[in-house]
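Some notes on the structure that comes next.
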Amino acid sequence: VLIAEDSMTQAAVLKDALEKHGWTVRVATDGTQALAMARRQRPAIVISDIRMPTMDGYSLSKAIKTDPVLHDVPVVLLTSLSQPHDIIDAVNSRADYYFLKQWDYDVLIAKIASVLDSYQPFPEHSQGGLTLRMEGQTYTIEANAQQPLRLLLSTYEIAVQQSMELARSRDELRK
């Protein structure tokens, strides 16, 4: 597992959680370093923060997905960003999954295990794009038909998990 994270604290916590489940983990402090590490030793999966110095997570994902050797490595973006345009940027970066940083480690580990167990790369992205207007902005999505669906489903899982947590908190407050 290759982690790209500029916060050494967050990287250490994630690395420790992954290593406890038997994975070998390498850590890069930015996208440029992560890409170089991936090219030297191909990872099974890349887990990346989005906001990092030198090369952000979106650029790292796009570089991996356009690299002839690394294009089929799954990329998971971990972030505190949650606006609609952030999801569109993730789609355009060709990332495979998008999770918020306020994760439950057991859920995150299960998701990573599932990705590693069943990941299938998508065919090449289409040359055209889908244009949509949202919140007064125009966005162009350049992806094949399947990749945005995978990201949408990972985003939906986040919403469901947060809804369940809110319901549990509401029930505890009622008690």
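The values are calculated or read from the model by the stated rules, or taken from the named source; none is laboratory data. It should be emphasised that the depicted structure is a prediction, and the values quoted were computed from it without experimental measurement. Positions of Cβ are backbone-derived with ideal geometry, glycine not excepted, and every protein chain shown enters the neighbour counts. SASA here: full protein model, heavy atoms, side chains in, ligands and nucleic acids out. Shrake-Rupley method; radii C 1.70, N 1.55, O 1.52, S 1.80 Å.
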Worksheet item: Taking the Cβ-Cβ separation of Val69 and Asp104 as r and a Förster radius of 30 Å, what is the calculated FRET efficiency to the nearest 0.05?
Response: 0.35
Worksheet item: Given 0.36 nm per residue, what is the gain on full extension from Ser80 to Ser114 after removing their alpha carbon distance, in nm?
Response: 10.0 nm
Item to complete: At a 1.4 Å probe radius, which order do Thr9, Thr79 fall into by accessible area, largest first?
Response: Thr9, Thr79
Fill in: Projected label distance in nm at Arg26 and Arg174, using a 7 Å step from Cα toward the beta-carbon
5.1 nm
Worksheet item: With θ set to phi - 60° and the Karplus curve 6.51 cos²θ - 1.76 cosθ + 1.60, what are the ³J(HN,Hα) couplings of segment 42-49 in order, to the nearest whole Hz, using x for Gly and Pro?
Response: 4, x, 6, 7, 10, 10, 10, 5
Worksheet entry | Förster radius 25 Å - calculated FRET efficiency between Arg42 and Gln10, Cβ distance, rounded to 0.05 | 0.55
Practice prompt. For every other residue with a beta carbon closer than 15 angstrom to the beta carbon of His21, add +1 if it is Lys or Arg and -1 if Asp or Glu, then tell me the sum.
Written response: -2
Worksheet item: Taking amide hydrogens as modeled 1.01 Å from N in the peptide plane, which residues meet the under 5 Å criterion relative to His71, leaving out close sequence neighbours?
Response: none
